[in-house]
Structures are given as C-alpha cells and as structure tokens.
1. Quick check: net charge around Val312, other residues with Cβ under 13 Å of its Cβ, Lys/Arg +1 and Asp/Glu -1?
2. Got a sec? Charge dipole of region 4-317, +1 on Cβ for Lys and Arg, -1 for Asp and Glu; which of Ala168, Thr44, Ile63 is way out at the positive end?
3. How would Ile273, Ile66, Ile296, Ile235 line up from fewest to most surrounding beta-carbon atoms within 10 angstrom?
4. Which percent of Cα pairs goes in each bin when the distances of region 53-178 are cut into 5 angstrom slices starting at zero?
5. Please report, in whole Å, how far the alpha carbons of region 235-322 spread along each principal axis, starting with the longest.
6. Summing +1 for each Lys or Arg and -1 for each Asp or Glu, what net charge is found among the other residues whose Cβ lies under 12 Å from the Cβ of Cys301?
7. Pull up all non-local amide H partners of Gly46: gap of 5 or more, or a different chain, and H-to-H distance under 5 Å with H placed in the peptide plane.
8. Filter the trypsin sites (Lys or Arg not before Pro) in region 135-227 down to the DSSP loop ones having no more than 11 other Cβ atoms within 10 Å, then list what survives.
Amino acid sequence: MSESLLRAENIVKEFPVYGGLFARQVAAVKAVQGVSFDIKRGETLGLVGESGCGKSTLGRSLIRLIEPTSGKIFFKNKDITNVGGDELRNLRKQMQIIFQDPYASLNPRMTIGAILEEPLIIHKLHGSAGDRKTRVNELIDLVGLRREHLSRYPHEFSGGQRQRVGIARALAVSPDLIICDEPVSALDVSIQAQVINLLMELQQKLGLTYIFIAHDLKVVEHVSNKVAVMYLGKIVELAEANELYRNPMHPYTKALLSAIPVPDPKPRAERIILKGDVPSPMNPPPGCHFNPRCPIASEICREQVPPLDEKVATHWARCLKV
C-alpha cells in the first residue's frame, strides 16, 4: 500500500524559558528543529535516539497533543496543522497514542471497563449502553485479557497488563494511526516481547500504521519498515530498516548500533564510545549539532549546517563527511 497517511514538513517545537524580575522570555528549548518525513498506510516508522532528543515531543506534536511552533502536518493529504473544534475532535478518532508509563496513563479511580468505555462516550460511538459493552468486550478480548478484568481497577494489574489496557483504549475508536511512545520501556524484558508481538499482530489484523518511538534499537529493528534517527531535535539519518542496520552512514547511528548488546561469543564490531555529553537544546552548537562528539568532525563541521541529503536511493543522512 503506497498511500501517504501522514506527512510532516519542517516541524519545529520550541518551549519558552522565562526568567528575571518580570518573568520575560529569556531563552527557548529547541526540542524539535525542522523535522520532515512521511509514512505510508500500513507502515511502521521507528523513531530512535537518546533520551531528550525530541522523539516524544515530535510524536505528540504530530497528533496535536502539543502545538508545533511552526511547520505543517498533513494527514490523509489534508493540512491539519491549524484545525480545531469539532474537526480536531474527529481527528482524534483517527490518530491515537499509547503512552510510555502504564502506571500513570490510567485513571486509578476508574475500572478497566469504564476506561475502555470512556472514548466511546466522548466520540459518541456505539450509542447504546449495550452496544458499548459489546465493544468493550471485543477490545478486552483483542488484547488478550479476560472479561472479568473489566470490573477491576488499574492497581490490581501488572505493568504488562496495564499496557494492554492502554493499547485497548487506543484501539477503541478504530484509529488509522497510533503513536507508540516507548510502549515497552517501562516493562520487564520478559514482558516486552509479549507486548511487541501483540502490537505487530494487531497491525496485521487491523491494518494499523505506527510511529514507534524507542531508544532500544533492537526492538525498533524488529518492528519497523523505516527508521529515523534523531539527535538534538533533528533527524540525522532516515532509511529503510534493513538498509540502515546493514549500512549506517551517520557517525551517531554507527555509535548507537555499536552499543547494541550481542550474545557472546559472537564476534562484533568495535564499540564506539562518544566523548562528552549531549549539548543543551537551549544552546545547540554551531554547524553540525553532533560535531562536539563526532569522531570524524573537522573545521567545516563546526561552520556549516549539514542538510538531510539522499546519499543513496531512499537513504538520507545529515553529514558533510559521508
């Protein structure tokens, strides 16, 4: 399926920083800086990078949970950047999110049944109480939980079970696109595989499109068709998943891939240790943002801002030395 479902054009998100006697704006946190990509219906785009690189901010900006500072968002070829009111509410049915923390994303005072029924009431779906109950039963079956769980509260469940409830809630309104915001990072390793397999099964069954945000590159390799690597608010490499893992171009991507644990005694490439810390997004370095930590940086990297160029077919990298 080749139809473009979501397209982002030069998305920027800055958070003002206030200070001084009159609480004036003194700086801005440049969380997302000019991100562009598109994702086709039925695909999974993996979004990876270190903590604080802007992945979650970008994901929430794309579905208008937070408002982008500038740029355009197209959903089903329609500009949704500035829509509001009933039109935005209708969009919420088509674009959903699974949050990172299954402990904080469920209301502790509501039963699981009420949590799953709430989106149906808000969006006026399955009008009668009986129809809504039937839909809630379908959802709980879909994510592998039992119907007797519907009368229980979130504190009675494990982290993996709570995340299944979060997935069921996202599916309640039959969306086309789901932002998976690090959906397994708060779970035990033994549970992560179960949740990932569930997400992949649901994608095949329901024809879903995912943006899968994570910092675990092995997980992203397993679930994604395309992978975008972010650093300090910018995409530094974008390619088909197989191509990116087989032939990484950007020095930052190479460093991330070298850090993936492998079982001994399998031979592996030498680990690349990056020097220094991630610069502040309030004051990113001039030129290439990665130059203070890059093992191959030269003077030109400190002076020129590299564009995201297509180095080979369908493989983009933001590096002057590639």
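Values quoted throughout were computed directly from the atomic coordinates according to the rules given, and no laboratory measurement underlies them. All of these numbers come straight from a predicted model, not from anything done at the bench. Virtual Cβ from ideal backbone geometry, glycine too; neighbours counted across all protein chains shown.
1. Cβ neighbours under 13 Å give a net charge of -3.
2. Ala168
3. Ile273, Ile296, Ile66, Ile235
4. 2, 11, 19, 21, 18, 14, 10, 5, 1, 0
5. 42, 32, 22
6. For residues surrounding Cys301, the net value is +2.
7. Amide H neighbours of Gly46: Phe212, Asn225, Lys226, Val227, Ala228.
8. For trypsin sites (Lys or Arg not before Pro) across region 135-227 that sit outside H, G, I, E and B with at most 11 neighbouring Cβ atoms in 10 Å, the list reads Arg146.
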